[in-house]
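Q: Shown below is the structure under consideration.
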Amino acid sequence: MSTGFRATKTGVAIKLDEAEASVLRSLVGLVLGLVEPGTTGDDPLERALGIGVATPPVPADPVLARLFPSAYEDDKDAGEFRRYTEASLRDGKRADAVTLLDTATGGRVDLTPEQAQAWLRALNDVRLMLGVRLEVTEEVHEEIAAMSEEDPRYPAFVTYDWLTYLQDTLVRALW
């Protein structure tokens with residue numbers, strides 16, 4: 001099992017076994033499937049500026065609502081803000097996911113500072129997705145400790161905990 005990220009002279013590094021790399025790629029692939037490219041309007045100026053079409057103030061999928069939270073309590077203001085920002089936010093999340101997919105291999109993985117930042121954001125998106133689906137609470141560690149390994153949710157909770165560990169070691173290696 002991975003010992004986490006460590007700082008190097010050129011960025012950060014981690015040693016992943018093939019199974020760990022495969023799990024990361026699989027989970028990031030799920031996020032990539034959720035954050036489809038943003039849809040812009042027909043107006044050429046709106047397309048050039050990345051202004052999206054009118055969208056609901058809050059996405060119906062709770063994972064998307066967590067990945068793209070409302071900036072305003074007022075539905076009209078939230079929808080308008082989402083129209084101006086969501087397409088570019090989606091593009092950014094997709095770019096981060098692709099960076100992780102392109103670099104997550106079995107063996108030693110060396111990342112530049114820019115790649116490490118993309119990994120940090122992509123890991124956060126994966127944790128948010130998994131956390132929403134698992135209905136993770138602040139007591140997640142106690143839940144895992146009390147959970148039987150026979151519980152069908154156990155592997156997913158342990159994976160969530162591992163992702164938290166990876167994110168923590170990456171933050172520490174960067175700072």
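Q: Looking at PRO57 and the list (1) outside any helix (DSSP H, G or I); (2) surrounded by 16 or more Cβ atoms within 10 Å (Cβ to Cβ); (3) at pLDDT 85 or above, which single condition is not satisfied?
A: Every condition holds for PRO57 apart from (3).
Q: Can ALA145 be described as over 11 Å from the mean Cα position of the chain (by Cα) and under 19 Å from THR3 (Cβ atoms)?
A: no
Residues are listed down the side, and each one gets a yes or a no for (1) more than 26 Å from ALA19 (Cα to Cα); (2) modelled with pLDDT under 90; (3) surrounded by fewer than 18 Cβ atoms within 10 Å (Cβ to Cβ):
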site	(1), (2), (3)
ALA104	no, no, no
VAL109	no, no, no
ALA122	no, no, no
ASP125	no, no, no
GLU139	yes, yes, yes
ARG172	no, no, yes
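Q: Applying the selection to segment 1-22, what residues are surrounded by fewer than 17 Cβ atoms within 10 Å (Cβ to Cβ) and in a helix (DSSP H, G or I)?
A: GLU18, ALA19, SER22
Q: Which is of a type in the set (Gly, Ala, Ser) and either touching a Lys or Arg at 6+ places or on another chain (Cβ under 8 Å) or under 17 Å from VAL63 (Cα atoms) (or both), of ALA173, ALA145?
A: Working: ALA145 fails: either touching a Lys or Arg at 6+ places or on another chain (Cβ under 8 Å) or under 17 Å from VAL63 (Cα atoms) (or both).
Residue meeting the stated conditions: ALA173.
Q: Return a yes/no flag: does segment 78-100 have any residue that is among the aromatic types (Phe, Trp, Tyr), crowded, with 16+ Cβ neighbours inside 10 Å and either modelled with pLDDT of 90 or more or not in a loop (DSSP other than H, G, I, E, B) (or both).
A: Within segment 78-100, none of the residues are among the aromatic types (Phe, Trp, Tyr), crowded, with 16+ Cβ neighbours inside 10 Å and either modelled with pLDDT of 90 or more or not in a loop (DSSP other than H, G, I, E, B) (or both).
Q: Sticking with this structure for a sec: Checking the conditions here, which among LEU120, LEU163, LEU101, LEU130 is touching a Phe, Trp or Tyr at 6+ places or on another chain (Cβ under 6 Å), among the aliphatic types (A, V, I, L, M) and under 24 Å from LEU67 (Cβ atoms)?
A: Going through LEU120, LEU163, LEU101, LEU130 in turn, just one is touching a Phe, Trp or Tyr at 6+ places or on another chain (Cβ under 6 Å), among the aliphatic types (A, V, I, L, M) and under 24 Å from LEU67 (Cβ atoms): LEU130.
Q: From the residues in segment 53-87 that are in contact with a helix residue (DSSP H, G or I) (Cβ under 9 Å, 6 or more places away or on another chain) and polar (S, T, N, Q), which one is nearest to VAL136 (Cα to Cα)?
A: Checking each candidate, the answer is SER70.
Q: Take GLU143 and tell me if it is out of contact with any helix residue (DSSP H, G or I) (no Cβ under 8 Å at 6 or more places or on another chain) and either assigned to a helix (DSSP H, G or I) or of a type outside the set (Gly, Ala, Ser) (or both).
A: Here the answer is no, as GLU143 does not meet what is asked.
The values are calculated or read from the model by the stated rules, or taken from the named source; none is laboratory data. No experiment lies behind these values; they were computed from the predicted model shown. Cβ sites come from the backbone with ideal geometry, for glycine too, and all protein chains shown count toward neighbours.
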